[in-house]
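Read through the structure below, which is laid out as structure tokens, and then see the notes.
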Amino acid sequence: MFEKEATLFEKSVPGRRAVGEFEDENQELKQSPIPNTQLRKGEVEGFPELSEVDIMRHYTRISMWNYFVDANFYPLGSCTMKYNPRSNEKIAALPKLLHSHPAQPDSQVQGSLELLWSAQEMLAILSGMRAVSLQPAAGAQGELCALLMFAAYHRDAGQGKERNIILIPDSAHGTNPASAALAGFEVQPFASGTSGLIDLDNVRKAIEKAGSGRVAGAMVTNPNTLGFFEPQIFQVSELLHQIGALLYIDGANFNAILGRTDFGSMGADAVHFNLHKTFAAPHGGGGPGSGPVAVSEKLIPFLPGPVVQREKDGSFVRYQPEKSIGKVKSFFGNFSVIMKALAYIRTMGRQHIPEISERAVLNANYIKKRLSPYLHNPYPGANLHEVVFSDSELKKEFGITALDIAKALLDYGFHAPTIYFPLIVSGALMIEPTETESRETLDAFCDAVIAIIEKGKKEKGSLAAHPATSVIGRLDETVAARQPVLRWSNR
């Protein structure tokens, strides 16, 4: 049981200091380089006053409340929260990489440029695309880049004003509509079929409704948020290209098909990767992201730059594509994340990369098999990297909700899966185990879920007491969202 930790303001003692003031015979050292007119006059009020040991112990204690993938299983669906090999961290921190500066002339950073070029080439090969920009700093920014290139492509063809609609199925990632809107497009959603897969008739109806001359493209997540591969993706690509539109594929779930198939063969014109997910660089609170974007031949001139090019003499130079949409991030994006991903790709090699998706799919289907007798599976198709259950039957018969299961899992030592997404599943629990988890870990997680459900069935309403081991307990999400307390007050 965690004990409540007082805030630094509550622990504050007037006059207590973490660092003392020392007299120095050399008075020049005490002179501030800041002009006197800019210096604060008098004491600073309103800040907590504590000793160094009090501060260190406070932050060390609350840091141990965090849940992190190095310590425990993190089954967030559609987020690929997997363990990051420490060797990648060491490689990215090599002094000659760590201390090189992107503003140095190309002649002084040939090693760094060669590694960036290698990352571009390897991502292009793995994805089946023609060229890659490493600039985007996250998956959502990679999406936005793709849509900005779509807009630039249509403008260049003299159709910038007419082609202003992006088609998006309801099985796509939630950021897709936002990215399309930010790029200036009108979003037109369309429903998936009853199997949870894209229905070609619905695509045709969506094109007809929008008007073929107004469709700029479509955004499809493949594999989709239900964990299914979209077998109609090839026909979707053909339908779009026949009317002069483009296809973007959200590659956030690349983890499920890595080394097995590629986006180029699906007819994609643009795709983004999440290096911080698929290629094992830290994700979420663990570090910055990276969302490179890859394109087909027709979009190469519009890539955000700079990108790295290999010259005939073997040297490497940075250059800006002819009709580039411009910078979306300084220099080449998050360099250290790219280096970690490159290290991961080279460590796995061509021989072992397919094992990533193989084991990710195996683990997801193992969880599906174990939990299907206890949780409703509204779309029982062939799953890849993740499985989505529904609380609908448990809620109807026993009053057990996805939120109850998620909160109770904290008391069993596990982070909750993604809940209430995708929206096409009522009371969704989206579970993605990733390839880095052992069978023992998966069994322990499944045992915990089953125990929680059995408890909720036997003792109706008992799950509302969870989490019991949390410092705060169960929050009222509605109040927290609508009336957030963002600053401390002693009143």
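How high is the relative contact order of region 355-481? Use alpha-carbon pairs under 8 Å, at least six apart in sequence, and give a whole percent.
28
Would you please give the FRET efficiency between LYS460 and GLU297, computed as 1/(1 + (r/R0)^6) with r the Cβ-Cβ distance and R0 = 45 Å, to the nearest 0.05?
0.15
Tell me the net charge near GLN232. Cut-off is 11 Å between Cβ atoms, GLN232 excluded, with +1 for each Lys or Arg and -1 for each Asp or Glu.
Numbers: positive: none; negative: ASP199, ASP201, GLU230, GLU238.
So the surrounding residues net to -4.
Tell me which label goes with the value of Rg/Rh (Cα atoms, Kirkwood Rh) computed from the coordinates here: (i) 1.03; (ii) 1.12; (iii) 0.95.
The value computed from this structure is option (i).
Which of ILE419, ALA183, SER462 sits farthest toward the positive end of the charge dipole of the chain, with +1 on the Cβ of Lys and Arg and -1 on the Cβ of Asp and Glu?
ALA183
Could you give the dipole magnitude of region 351-419 about its Cα centre, charging the beta-carbon of Lys and Arg +1 and that of Asp and Glu -1, in debye to the nearest 20? Don't jump to the answer; show the numbers that get you there.
On the way: 7 positive and 8 negative charges, 18 e Å.
Here the size comes out at about 80 debye.
Relative contact order (percent) for the chain, with alpha-carbon contacts under 8 angstrom and 6 or more residues of separation?
Working: 889 pairs, mean separation 88.9, N = 491.
Relative contact order comes out at 18 percent.
Within the chain, which is the longest segment that contains none of the chymotrypsin sites (Phe, Trp or Tyr not before Pro) sitting in a DSSP loop with at most 11 other Cβ atoms within 10 Å? Spell out each step's value before the answer.
Values: sites that count: PHE22, TRP65, TRP488.
Of all site-free stretches, the longest is 66-487.
Suppose R0 equals 25 Å. What FRET efficiency, 1/(1 + (r/R0)^6) with r the Cβ-Cβ distance, do ASN202 and GLU358 give to the nearest 0.05?
0.20
Would you mind working out the magnitude of the charge dipole of the chain relative to its Cα centre, with +1 at each Lys and Arg C-beta and -1 at each Asp and Glu C-beta, to the nearest 20 Debye? Please report the intermediate quantities before stating the final value.
On the way: 49 positive and 53 negative charges, 91 e Å.
Charge dipole of the chain: 440 debye, to the nearest 20.
To make sure I understand the rule: partners must be lysines, Cα under 26 Å from the Cα of LYS209, and not fewer than 8 residues away in the same chain. Which ones qualify?
Reachable lysines: LYS161.
Which value in deg cm²/dmol, rounded to the nearest 500, describes the helix-derived mean residue ellipticity at 222 nm for the chain, given -39,500 (n - 2.57) per DSSP H run of n ≥ 4 and division by the residue count? Spell out each step's value before the answer.
On the way: 14 runs with 172 residues, N = 491.
-11000 deg cm²/dmol, from helical runs alone.
Exactly which trypsin sites (Lys or Arg not before Pro) in region 232-300 are in a DSSP loop and have at most 16 other Cβ atoms within 10 Å?
Working: sites: ARG260, LYS277, LYS298; in loops: ARG260, LYS277.
Of the trypsin sites (Lys or Arg not before Pro), the ones in loops of region 232-300 whose Cβ has at most 16 other Cβ atoms within 10 Å are ARG260.
Tell me which trypsin sites (Lys or Arg not before Pro) from region 125-161 have a DSSP coil assignment and no more than 16 other beta carbons within 10 Å of their own. Could the numbers behind the result be given before it?
On the way: sites: ARG130, ARG155, LYS161; in loops: ARG130, LYS161.
Here the sparse-neighbourhood loop sites are ARG130, LYS161.
Near LYS458, which aspartates and glutamates are there with a Cα under 14 Å away, not counting those fewer than 8 places off in the same chain?
Qualifying aspartates and glutamates at Cα under 14 Å: GLU397.
Please go through the residue pairs LYS205/LYS298; LYS4/LYS396; LYS90/LYS369 and name each one whose alpha carbons sit more than 32 Å apart in this structure.
Details: LYS205/LYS298 27 Å; LYS4/LYS396 36 Å; LYS90/LYS369 38 Å.
Listed pairs above 32 Å: LYS4/LYS396; LYS90/LYS369.
Can you return the aspartates and glutamates within cross-link range of LYS312? Criterion is Cα-Cα under 15 Å, with same-chain partners fewer than 8 residues away left out.
Candidates past the 8-residue exclusion: GLU114.
Compute, for region 86-347, the length of the dipole vector about the Cα centre, with Cβ point charges of +1 (Lys, Arg) and -1 (Asp, Glu) only. Units Debye, rounded to 20.
Approximately 540 debye in magnitude.
No value in this document is a laboratory result; all are computed from the given coordinates. Everything quoted here is computed from the prediction, not taken from an experiment. Ideal geometry is used to build each Cβ from the backbone, glycine not excepted, and the neighbour counts take in all protein chains shown.
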